[in-house]
Amino acid sequence: MSTARPAEPVRLADVLKGPGYLKTLLLSGLVGIPVSLVAFWFLAGIHELQHALWSSLPHAFGRSSAPGGGRCRCCSYPASWSG
């Protein structure tokens, strides 16, 4: 008994090769790249703001170091990496 299952992959291949799918894929790339860049720079800005808040601000108020020694856990590297 033969079933109609082989026609479904052919139909899917036609959809994937069609102009509508390619336009959607291009639009997704054109929207996704700028959105990911904005998200990256937002996180980089938040990171710098945290450094300013926890490192620079305590020095401005006369503290010798920020709580926890003023070291950022995300930026500290093992001593073996410094050479």
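A few remarks follow.
- Of everything listed in (1) modelled with pLDDT under 75; (2) among the charged types (D, E, K, R); (3) under 22 Å from the mean Cα position of the chain (by Cα), the single unmet condition for residue 48 is (1).
- Residue 19 over 11 Å from the mean Cα position of the chain (by Cα) and at pLDDT 85 or above: yes
The values are calculated or read from the model by the stated rules, or taken from the named source; none is laboratory data. Worth saying up front: this structure is predicted, and the values here are computed from it rather than measured.
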